[in-house]
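Notes to accompany the following structure.
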Amino acid sequence: MRKIVIFSLITIVLAITLITAGCGLIVIAEPPGAAGQEAQTAQLEGVKVVRGGEKLEISMKDNKFDPANAEVKTGTVITFINNDSVIHHVKAEAEAFESGDLEPGQKWTTVISNPGEYPYSCSLHPEMKGIITVK
């Protein structure tokens, strides 16, 4: 029985590896509750990808978002932190979310529940732009 379970797990892992390899995506999974489990992140072509975690922090400094582009799963807690010396105001297109004015040092948190692309910008500094992709 144990050999069948191990064989089944190996078969599943190989199938997932082959499927994702065709997409150019490598997925590394840890069992839920694994000791020391942190959000797995990777930088791919200027996009921060968050996997296995449920938090993303986006810094605002020097009139830029960092990271400007991110990919998260639904339900990820996204926190915008104003690490700049000026006020910022985060606003997504189609009114998906809006922070209000954020003074230097302030944070604002949102959760996006629906998959899709969410372009956002600072309404006070239009050159500040980014996209959050929710999968």
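Of the residues examined, Ala94 is one that is aliphatic (A, V, I, L, M), modelled with pLDDT of 80 or more and surrounded by fewer than 12 Cβ atoms within 10 Å (Cβ to Cβ). Within segment 110-135, residues that are more than 17 Å from Asp66 (Cβ to Cβ) and without any contact (Cβ under 8 Å) to a residue 24 or more places away in the chain reach partners that are surrounded by 15 or more Cβ atoms within 10 Å (Cβ to Cβ) and of a type in the set (Val, Ile, Thr) with beta carbons closer than 8 Å, at six or more positions or on different chains, in the pairs Gly116/Thr133; Gly116/Val134; Glu117/Ile131; Glu117/Ile132; Glu117/Thr133; Glu117/Val134.
The values are calculated or read from the model by the stated rules, or taken from the named source; none is laboratory data. From a predicted model like this one, the values you see are computed outputs, not experimental measurements. Quick reminder, even Gly has a Cβ in these numbers, built from the backbone with ideal geometry, and neighbours come from all protein chains shown.
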